[in-house]
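Report on one structure; see the data block that follows.
The values are calculated or read from the model by the stated rules, or taken from the named source; none is laboratory data. Not measured: the values here are computed from a predicted model. No Cβ is skipped: glycine too gets one built from the backbone with ideal geometry, and neighbour counts run over all protein chains shown.
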Amino acid sequence: MSALILPQTENHPVCVLGGGVLGRRIACAWAAGGYDCNIRDPDEEQRASAVRYFETSISTFLAAEGGACGTVRAYDDLETAVKDAWLVIECFPERLDFKVNMCTELERHAPRDAMMCTISSSYVSREALEKVGDETKKGICNMHWTMSPQNKMVELMTDGQTDERVSSFLSQRLAEIGYLPVQARNEPTGFVISRMWAAIKREALMIVSQGVATPEELDSVWAEMYTKNTAGPCKMMDAVGLDTVSFVEQHYAKERNLPTEHTVDYLQRYIDEGKLGTKSSKGGLYPPGTAQETAQNSADHRDALHAPTIYFLDIGLSNSPKDFFNKGRILMGGTDGRPLKTLVDRQHMPDGIAISLNLGKIFWTSMGIPSANDGCVYSTNLDGSDIQVVVPVGNIHTGKQITIDRVNKKLYFCEREGLRVMRCNGDGSNHEVLVQNGDWRNPDEMKDQMRWCVGIAVSPSTGQFYWTQKGYSKSNQGKIMRANIDFPAGQNATNRTDIECVFQKLPESIDLECDEEGHILYWSDRGELPIGNSINRASFSRLRAITDPSVKSMPEEHYDLIARNMHETIGLAVDMKNKYIYCTDLSGTLYRFNLDGGGRRKYYDGEGSFTGLALMHV
Ligand SMILES: *[C@@H]1O[C@H](CO)[C@@H](O)[C@H](O)[C@H]1NC(C)=O
Ligand SMILES: *[C@@H]1O[C@H](CO)[C@@H](O)[C@H](O)[C@H]1NC(C)=O
């Protein structure tokens, strides 16, 4: 048992040291709660005006007419003011030397059981206590008042040695006089409110001093934004999205040379876990759903809030036994249970799709009739209007996967019977052949499926692009190749010497996707069970150029097989924002998995024969 004695409050006054703006209000708050209050202030005028304030303003502090109200008296002499007090509240200007001296004085004059509070908002109270004894420290705590009587919040914080009974005793007394006590959870510099207020003041002063807004304009913006809004800053940040908040903070940090430890770096931990706020199924600063006050507060509903819109292609084969070459469609759907919408129809075996929000375009490839040199690359607006030819018929034999290098602003696409990998600008200009695996005009070479190029992915961060050569159907001859984005000088698409094979003898590798943040390559595989018909991945660092033609690329040894049992899977897209993998298959199903292949979900069933897919986050 420690020597701490809790004070008797009945017939004992509260003493407030300092009768300034805040001190006189604190005195009135206690007086309105029935306590007599002694203000001690060495300045005569200050004393008179504090008492006058009590006389004219106490009515605004009283909760109801007729409650017991205490008195407020002012004294010059410290000993008289603190005599018999059960609580002494130091209410000095923010100068540490004042506070240190006063604490020592009090130790000498205040009753032994009196509780003492410092109201310092920016000094930790232990700094003010350097000269007082350890026993005294137990009865001292930090008590921070906001502008009473409008705000009725009082924060309490330990001085590092405050007895827990002191804090809870004070909380109870504050609640009795109609105030809301808040306990700061540890001992940082400044209280919760004063620190937030400090930031607001700093920015407000900067806005005014830079002439961005007048004080009146700033205050009216504040009233509109914050007083009508019941959500606090954390809910508001969740609503904005922590990724966006981080961008804004990064910008300020750069412009003003600020440290990022408690802003950008802290936010990054949430972003890395896919916790982006309200829009994310994993939540943000708040757990999922907390900040989302909607009628349908189910997990599925939350999941759908930030789910991308999914564009995918129906190759058309299952729509009509006869005219299937003209039955391809671009479809739009999602994981929120919405029906599929057809954006574009009457397409000729569409296979690959990519979306550029910057350009406002959907790009897709058409296989045409596979044996004929009639492939094409098209674009359309996001709503399906204004279809344009990007790469005209005659320049691409049988279009397959298409992707966008968003850094270098290029479209990359593969083609099968034409045996090539190509790229061009968004408007089709600068069309280049990057890889040429033979001459498609030679029927033997054209039919040699080992030369067919299918999937494509670009990794600007490593300066390489990857493509698949699927090999004969289900023949365990699939390959994944790579080469440099920068074309080697003095070489051409046939003889370039920087081409490497990183996987070979895969069941039947099809579409590719690069995760540029995680440095991971994902691919879909259409081959046979047990390891085909799957989704697979390998980090870039595991990729090695294979020179020995007998090496078989096997899961576990060379890559991770993460999901299986689709029906002829083709399209693949990785949603890095929400950390999901999507894929489509020829039976007309859209699948979603977690990044490790778990959490399998199916959307749509038998609504076509799906090939490529692309995600759009808005
Ligand atoms: C590759 O082709 C280019 C263009 O035809 C030619 O200039 C170059 O000499 C060739 N290099 C090799 C190694 O054959
Ligand atoms: C590349 O150059 C070689 C000669 O070095 C030639 O045989 C080949 O046809 C060229 N390929 C292309 C795609 O121009």
Could you check region 1-111 for helices (runs of 4 or more DSSP H) lying wholly inside it with 3 or more residues that are closer than 19 Å to residue 152 by Cα and either assigned by TED's automatic domain parsing to the domain that holds residue 175 or not aliphatic (A, V, I, L, M) (or both)? 21-32, 44-61
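Can you name every one of the strands (runs of 3 or more DSSP E) wholly within region 534-618 that holds 3 or more residues which are not charged (D, E, K, R)? Please lay out each step first, then the result.
Numbers: elements: 534-539, 560-564, 569-575, 580-585, 590-594, 601-603, 610-616.
Output list reads 534-539, 560-564, 569-575, 580-585, 590-594, 610-616.
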Pairs where the first residue, in region 494-512, is without any contact (Cβ under 8 Å) to a residue 60 or more places away in the chain and outside the structural domain of residue 564 (by TED's automatic domain parsing) and the second is assigned to a loop (DSSP other than H, G, I, E, B) and within 16 Å of ligand 1 (Cβ to nearest atom), C-beta under 8 Å, 6+ apart: none
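Against the condition in a strand (DSSP E or B) and more than 30 Å from the chain's Cα centre (by Cα), how does residue 510 come out, does it pass? Working first, answer last.
Numbers: in a strand (DSSP E or B): yes; more than 30 Å from the chain's Cα centre (by Cα): yes.
It is true that residue 510 is in a strand (DSSP E or B) and more than 30 Å from the chain's Cα centre (by Cα).
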Subset tally (residues that are farther than 14 Å from residue 356 by Cβ, of a type in the set (Asp, Glu) and surrounded by fewer than 17 Cβ atoms within 10 Å (Cβ to Cβ)) for region 408-444: 3
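Consider region 382-395. How many of its residues are in contact (Cβ under 8 Å) with a residue 12 or more places away in the chain and within 15 Å of residue 342 (Cβ to Cβ)?
Keep residues of region 382-395 that are in contact (Cβ under 8 Å) with a residue 12 or more places away in the chain, which gives 382-384, 387, 389-395.
After this cut, where a residue has to be within 15 Å of residue 342 (Cβ to Cβ) as well, the list is 382-384, 387.
So the answer is 4.
To keep it simple, each residue is scored yes or no on (1) touching a strand residue (DSSP E or B) at 6+ places or on another chain (Cβ under 8 Å); (2) of a type outside the set (Gly, Ala, Ser); (3) over 22 Å from residue 102 (Cα atoms); (4) outside the structural domain of residue 35 (by TED's automatic domain parsing).
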| site | (1), (2), (3), (4) |
| --- | --- |
| 134 | no, yes, no, no |
| 139 | yes, no, no, no |
| 143 | yes, yes, no, no |
| 151 | no, yes, yes, no |
| 156 | yes, yes, no, no |
| 168 | no, no, yes, no |
| 175 | yes, no, yes, no |
| 206 | no, yes, yes, yes |
So, in region 467-517, of the ones that are of a type in the set (S, T, N, Q) and within 16 Å of ligand 1 (Cβ to nearest atom), which residue ends up surrounded by the fewest Cβ atoms within 10 Å (Cβ to Cβ)? 497
Suppose we keep only residues that are closer than 13 Å to residue 434 by Cα and free of Cβ contacts under 8 Å to residues at least 24 places away in the same chain within region 471-489. Which one would you say is nearest to ligand 2 (Cβ to nearest atom)? 488
